[in-house]
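Colleague: Below is one structure. I have some questions about it.
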């Protein structure tokens, strides 16, 4: 298999060069399930598993191979390999894992574009799209918003206008995976060496879009429930699929929970018009609540900012700020000391009454 068509460039080959002298081969992770992988290599597909040394050297589970990763592997038998090293990632779409601990869950690595797929049925949700756009900004990839099922919507133009208002300049495309309408604009974003990940809710039509782009029924699909337009998790794993003309698509299962693994800068990138207004506030640390000279408060009063979008921004910003504090031991300690001082002052005030 030609790895250059799958995205191997001078940076990838340069990072792999030191491993080639050890007799290792370059591969890209096509599927990853627990500690079992399938790799694309120059000699074809091979099954693989991590070496003990890789487990020992890796600082956390999030740094182990995921779909899209470039790896250095040792061939140990026909069709069998051992992954020795994960090459540096140039981009990674990730969310916060389930549970209380602050842990990263990578979804796909080394992606160029993210197709954020939303159905123009009951799946349409601008607030969820804002969350996806924030995580895409954090990933290092570029977003393209894909509004699927245009054949089921009587007001496509209005939906596109609503979406463009929150997309921050990202392309917004309306398509029908069932009929093929609009797929010329979608296919224009594909190219040899380019990797595109499709993300969105279960039932949005990600697998159907990939099948149409491939020109074959490669991935299993199913109808959504009529009552709520929800899918049935037909895709059960993440998979990198090579395109006949070069490049690759990454199919992903629907994500119903999308907790942020992103900083406040990514939130501001997704809400660039609000960040631009905030730059005009009188105070640099303006909370946009009661301060004089707050440009954001003035815009809200004038109706220049949608109140629902503002509420979404505040929610995501607080979530991202919490992530920054918890991830940084120094910031977490400072935040804890700050609240201790506040509580101490409050107790002193109550005692003086």
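Colleague: If residue 286 satisfies every condition in (1) free of Cβ contacts under 8 Å to residues at least 40 places away in the same chain; (2) within 30 Å of the chain's Cα centre (by Cα); (3) closer than 24 Å to residue 126 by Cα; (4) surrounded by 11 or more Cβ atoms within 10 Å (Cβ to Cβ) but one, which is the exception?
Modeller: (3)
Colleague: Moving to a separate point now. Are any of the residues in segment 197-216 in a loop (DSSP other than H, G, I, E, B), within 26 Å of residue 8 (Cα to Cα) and in contact (Cβ under 8 Å) with a residue 60 or more places away in the chain?
Modeller: No, there is no match, as no residue in segment 197-216 is in a loop (DSSP other than H, G, I, E, B), within 26 Å of residue 8 (Cα to Cα) and in contact (Cβ under 8 Å) with a residue 60 or more places away in the chain.
Colleague: Among the residues of segment 137-158, which ones are outside any strand (DSSP E or B), over 23 Å from residue 316 (Cα atoms) and in contact (Cβ under 8 Å) with a residue 24 or more places away in the chain?
Modeller: 149, 150, 151, 152, 153, 156
Colleague: Scan segment 26-49 for residues that are free of Cβ contacts under 8 Å to residues at least 60 places away in the same chain and crowded, with 20+ Cβ neighbours inside 10 Å and jot them down.
Modeller: Residues satisfying the conditions are 26, 27, 37, 39, 46, 48.
Colleague: Is it fair to say residue 157 is more than 10 Å from the chain's Cα centre (by Cα), under 20 Å from residue 253 (Cα atoms) and surrounded by fewer than 17 Cβ atoms within 10 Å (Cβ to Cβ)?
Modeller: For residue 157, the condition - more than 10 Å from the chain's Cα centre (by Cα), under 20 Å from residue 253 (Cα atoms) and surrounded by fewer than 17 Cβ atoms within 10 Å (Cβ to Cβ) - is not met.
Colleague: Give segment 95-117 a look and list any residue that's outside any loop (DSSP other than H, G, I, E, B) and either without any contact (Cβ under 8 Å) to a residue 12 or more places away in the chain or closer than 20 Å to residue 36 by Cα (or both), or say none.
Modeller: Residues satisfying the conditions are 104, 105, 106, 107, 108, 109.
Colleague: Within segment 133-152, is even one residue over 30 Å from residue 242 (Cβ atoms) and touching a helix residue (DSSP H, G or I) at 6+ places or on another chain (Cβ under 7 Å)?
Modeller: No, every residue in segment 133-152 fails to be over 30 Å from residue 242 (Cβ atoms) and touching a helix residue (DSSP H, G or I) at 6+ places or on another chain (Cβ under 7 Å).
Colleague: Any chance segment 118-135 includes a residue that's crowded, with 21+ Cβ neighbours inside 10 Å and assigned to a strand (DSSP E or B)?
Modeller: Yes, because at least one residue in segment 118-135 is crowded, with 21+ Cβ neighbours inside 10 Å and assigned to a strand (DSSP E or B).
Colleague: Another question, if that's okay. Condition check: within 28 Å of the chain's Cα centre (by Cα) and modelled with pLDDT of 95 or more. Does residue 309 satisfy that?
Modeller: Yes, satisfied.
Colleague: Return the total of residues in segment 7-63 being touching a helix residue (DSSP H, G or I) at 6+ places or on another chain (Cβ under 6 Å) and farther than 20 Å from residue 195 by Cα.
Modeller: Qualifying residue count, segment 7-63: 0.
Colleague: Answer with yes or no whether residue 110 is assigned by TED's automatic domain parsing to the domain that holds residue 163 and more than 30 Å from residue 158 (Cβ to Cβ).
Modeller: Here the answer is yes, as residue 110 does meet what is asked.
Colleague: I'd like to check something: does segment 177-194 contain any residue that is within 30 Å of residue 319 (Cα to Cα) and either in the same structural domain as residue 40 (by TED's automatic domain parsing) or in contact with a helix residue (DSSP H, G or I) (Cβ under 7 Å, 6 or more places away or on another chain) (or both)?
Modeller: no
The values are calculated or read from the model by the stated rules, or taken from the named source; none is laboratory data. From a predicted model like this one, the values you see are computed outputs, not experimental measurements. When we count neighbours, we look across all protein chains shown, and the Cβ atoms used for this are built from the backbone with ideal geometry, even at glycine.
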